[in-house]
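Peer 1: What follows is a single structure, and I will ask about it in a moment.
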Amino acid sequence: MSTKTSVHVSLEQAKRLVEYLETDQQDKADELIAEIQSPINTALFAEIGKLTRQLHDSLSNFHLDSRLNDLATADIPDAKERLNFVISRTEEAANKTMDAVETIFPVVDSIQQQINTVKPLWHKLMHNELDISEFKALCRDIDILLKTTEKETNKIHGLMTDVLMAQDFQDLTGQVIRKVIDLVREVEDSLINMLTAFGMDSEQEKTTHLPKVGENLVEGPIMNSENRQDVVSDQDDVDDLLSSLGF
Amino acid sequence: MFSPEGALDKNMKVLVVDDFSTMRRIIKNLLRDLGFTNISEADDGSTALPMLKEGDFDFVVTDWNMPGMQGIDLLKAIRADGKLSHIPVLMVTAEAKKEQIVMAAQAGVNGYIVKPFTAATLNTKLDKIFERLG
């Protein structure tokens, strides 16, 4: 609102005021003063009226957003639980997979070892250099190899099925994360509504803030490294940077 | 740490430091696949440091972002301790800011791998680190 007073007392008004005062007509003098000031009052009242309406709207909008309360007391704690579920399910899946893989490694190694045992005699056989006693030994080794391979491939097959089934977390965690994303979107909308209700322009406030970093600049995995100048995008970038430093 | 022929001693004592047990397990498996058998684990710098001071470790693989003592602080502590300062340190981390990589280099890191990484990358970096030291 303009603070400039636009009151102009005319000579005629001044004369009348003097006349009222001289003739002891106090009421009329007051009236005249009010009349002279009235343009300011009109503007002032209009402005106060506007502000009051805005305040009223803001408060009622704020009340309307009682959803915010539910978000803070129910939905967000629920989301935290959901995200913890994601952590435990993915950890469980990783461990199940590694259990299977760690069991497969030695099995494969033992088959490899038996193949290595058979190989020299097998090589001799292929070159017609095998005598009868060696042939018997080879048959024995191959018999063992076949038996182990049969047994162990069955085992590996079972373990591979375990690895396969351990991936079922993806479906569940995907659903859970999608729900949490919906919640985050809703919280975002509510916050924007609140900012708007209090007359703050969320678009105007939108700046290119970098994600918050912790101690030692810790930020964790970078989501959109192609849009950032301050991060490396892969191992080659790291190697280039280090070699530019003389590493 | 090295046999007279210059080959890498696969019996060297390795400490793997990461707050996620699954990542420790992955790194342990990869190291085992490369022939390393003497591997211990710690879940952050403050657990790792006393272990390093106690046992005669030959090599440290550490994450950066961990609760308690972070990897970069562990690295600085290792370099500041006369008895540990010779131990090569390989950082395996999701931290990818150039500033951080420079920071780690200045703190005396021997290698820096960004997650996600491959078995081949780990292998290459290990070779490079021990080739330099040898």
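We did not get these values from a lab; they are worked out from the coordinates using the rules stated. Quick caveat: nothing in here was measured; it's all calculated off a predicted structure. Because the Cβ atoms are built from the backbone with ideal geometry, glycine has one as well, and the counts that use them run over all protein chains shown.
Peer 1: Give me D for the protein assembly as shown in µm² s⁻¹, whole number, from Stokes-Einstein with Rh from the Kirkwood sum over alpha-carbon pairs, 4 °C and 1.567 mPa s.
Peer 2: 46
Peer 1: In percent, what relative contact order does chain B have, based on Cα pairs under 8 Å that are 6 or more apart in sequence?
Peer 2: Over chain B, the number comes to 21 percent.
Peer 1: Straight distance only, please: which lysines reach the Cα of B:K76 with their own Cα at less than 28 Å, same-chain residues fewer than 8 apart left out?
Peer 2: Here the lysines satisfying the reach criterion relative to B:K76 are A:K212, B:K10, B:K13, B:K28, B:K53, B:K97, B:K98, B:K115, B:K125, B:K128.
Peer 1: How many percent of Cα pairs in the range A:121-220 exceed 21 Å?
Peer 2: 72
Peer 1: Let me ask something additional. Quick one: dipole size for chain A, taken about the Cα centre, charges +1 on Lys/Arg Cβ and -1 on Asp/Glu Cβ, in debye to the nearest 20.
Peer 2: For chain A, the charge dipole is close to 680 debye.
Peer 1: For chain B, what does -39500 (n - 2.57) per DSSP helix run (n ≥ 4), summed and divided by total residues, give at 222 nm, in deg cm²/dmol to the nearest 500?
Peer 2: -13500 deg cm²/dmol
Peer 1: Where Lys and Arg each count +1 and Asp and Glu each count -1, what net charge lies around B:L34 among other residues with Cβ under 12 Å from its Cβ?
Peer 2: Net of charged neighbours comes to +2.
Peer 1: Tell me, in nm to one decimal, what length is gained between A:E186 and A:N95 on full extension, where the rule is 0.36 nm per residue of separation less the Cα-Cα distance?
Peer 2: Length gained, A:E186 through A:N95: 29.3 nm.
Peer 1: Which parts of the range A:221-247 would a label at B:A119 reach, counting a residue when its backbone N lies under 11 Å from a point 7 Å out along Cα-to-Cβ?
Peer 2: Flagged as within label range: none.
Peer 1: Dipole of the range A:89-218, Cα-centred, from +1 at each Lys and Arg C-beta and -1 at each Asp and Glu C-beta, to the nearest 20 debye?
Peer 2: Roughly 520 debye, rounded to the nearest 20.
Peer 1: Between A:K212 and A:Q167, how high is the FRET efficiency from 1/(1 + (r/R0)^6) when r is the Cβ-Cβ distance and R₀ = 45 Å? Nearest 0.05.
Peer 2: Computed FRET efficiency for A:K212 and A:Q167: 0.85.
Peer 1: Among B:F59, B:F36, B:F20, which one shows the highest mean-square fluctuation when chain B is modelled as a Gaussian network with alpha-carbon springs under 10 Å?
Peer 2: Residue with maximal mean-square fluctuation among B:F59, B:F36, B:F20: B:F20.
Peer 1: Something else now. Taking R0 as 51 Å, what FRET efficiency do you get between B:V102 and A:H127 from their Cβ-Cβ distance, rounded to the nearest 0.05?
Peer 2: 0.25
Peer 1: Give me, ordered by chain and number, the residues 5 or more places off B:Y112 or on other chains with an amide H under 5 Å from its own placed amide H.
Peer 2: B:M91
Peer 1: With +1 on each Lys and Arg Cβ and -1 on each Asp and Glu Cβ, how big is the dipole of chain B about its Cα centre, in debye rounded to the nearest 20?
Peer 2: 220
Peer 1: Going Cα to Cα from B:K83, which aspartates and glutamates come in below 16 Å? Please leave out same-chain ones fewer than 8 positions away.
Peer 2: B:E54, B:D56, B:D58
Peer 1: With the contact rule set at Cα under 8 Å and sequence spacing of 6 or more, what percent relative contact order holds for chain A?
Peer 2: That works out to 22 percent.
Peer 1: Further, regarding this structure: Mean residue ellipticity at 222 nm from the helices of chain A, using -39,500 (n - 2.57) per DSSP H segment of n ≥ 4 over the full residue count, to the nearest 500 deg cm²/dmol?
Peer 2: -26000 deg cm²/dmol
Peer 1: Can you compute 3J(HN,Hα) from phi for each residue in the range B:60-77, using the Karplus curve 6.51 cos²θ - 1.76 cosθ + 1.60 with θ = phi - 60°, rounded to whole Hz and x for Gly and Pro?
Peer 2: 10, 10, 9, 6, 9, 7, 9, x, x, 8, 6, x, 5, 6, 4, 4, 4, 5
Peer 1: Right, next: Cα-based Rg (one decimal) and Dmax (whole number) for chain B, in Å?
Peer 2: 13.6, 41
Peer 1: Further question on the same structure: What lysines could a cross-link reach from A:K124, if we take a straight Cα to Cα line under 22 Å and drop same-chain neighbours fewer than 8 places away?
Peer 2: A:K136
Peer 1: Using θ = phi - 60° and the Karplus curve 6.51 cos²θ - 1.76 cosθ + 1.60, what whole-Hz ³J(HN,Hα) does each residue of the range A:104-112 get, with Gly and Pro shown as x?
Peer 2: 5, 3, x, 4, 4, 4, 6, 5, 4
Peer 1: If a paramagnetic tag sat 7 Å from the Cα of A:T117 along the Cα-Cβ line, which residues of the range A:140-156 would have the backbone N under 12 Å from that point?
Peer 2: What the label zone holds, given the 12 Å backbone N cut-off, is A:140-149.
Peer 1: What average count of beta carbons from other chains do you get within 10 Å of the Cβ of residues in A:215-228?
Peer 2: Mean shielding count: 5.
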